[in-house]
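Working notes for the structure below.
The values are calculated or read from the model by the stated rules, or taken from the named source; none is laboratory data. Model, not experiment: these values are computed from the prediction. Glycine also receives a Cβ, built like all others from the backbone with ideal geometry; neighbour counts cover every protein chain displayed.
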């Protein structure tokens, strides 16, 4: 969670995309990052705080697009130290987009890497 706060602060300190109300949050271990980005950008968030991918059972809070203002609001409501990403995001009004587990999966082990990106 502290990484989210630091990343958002760095974006703003550098003046990057100051007029863009959206921020993509992507885990570094996504199995299919291109598909994740395509899915969250294609989804209509309506008036919600963001779009979050899910495999139907578990939300992937780090495979998502959030309104910058909503992230600031969420960060202001919790203590950054020892706060989980789930605890940060649960209060937000999110639009969930169900995708296959192949799209939303993480690469946590060598077996995950082999399953999602077999060496031919």
Residue count for the range 17-32, restricted to those that are closer than 25 Å to residue 111 by Cβ and more than 11 Å from the chain's Cα centre (by Cα) | 3
Mind listing whichever residues of the range 12-24 are surrounded by 10 or more Cβ atoms within 10 Å (Cβ to Cβ) and assigned to a helix (DSSP H, G or I)?
-> 12
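Conditions (1) touching a residue at least 60 places away in the same chain (Cβ under 8 Å); (2) surrounded by fewer than 18 Cβ atoms within 10 Å (Cβ to Cβ); (3) touching a strand residue (DSSP E or B) at 6+ places or on another chain (Cβ under 8 Å), marked per residue:
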{"position": "2", "(1), (2), (3)": "yes, yes, no"}
{"position": "10", "(1), (2), (3)": "no, yes, no"}
{"position": "26", "(1), (2), (3)": "no, yes, yes"}
{"position": "31", "(1), (2), (3)": "yes, no, yes"}
{"position": "43", "(1), (2), (3)": "no, no, yes"}
{"position": "50", "(1), (2), (3)": "no, no, yes"}
{"position": "53", "(1), (2), (3)": "no, no, yes"}
If you scan the range 80-120, which residues turn out to be within 15 Å of residue 3 (Cβ to Cβ) and part of a loop (DSSP other than H, G, I, E, B)?
-> 80, 81, 82, 83, 84
Mind telling me which of the residues 70, 39 ends up being touching a strand residue (DSSP E or B) at 6+ places or on another chain (Cβ under 8 Å), within 23 Å of residue 99 (Cα to Cα) and not in a loop (DSSP other than H, G, I, E, B)?
-> 39
Residues of the range 73-84 satisfying the condition of being out of contact with any helix residue (DSSP H, G or I) (no Cβ under 7 Å at 6 or more places or on another chain) and surrounded by 14 or more Cβ atoms within 10 Å (Cβ to Cβ) | 83
Test residue 93 against the criterion of being in contact with a helix residue (DSSP H, G or I) (Cβ under 9 Å, 6 or more places away or on another chain), loosely packed, with under 14 Cβ neighbours inside 10 Å and at pLDDT 80 or above, and give yes or no.
-> yes
For the range 55-64, the count of residues that are surrounded by 17 or more Cβ atoms within 10 Å (Cβ to Cβ) and touching a residue at least 40 places away in the same chain (Cβ under 8 Å) equals 3
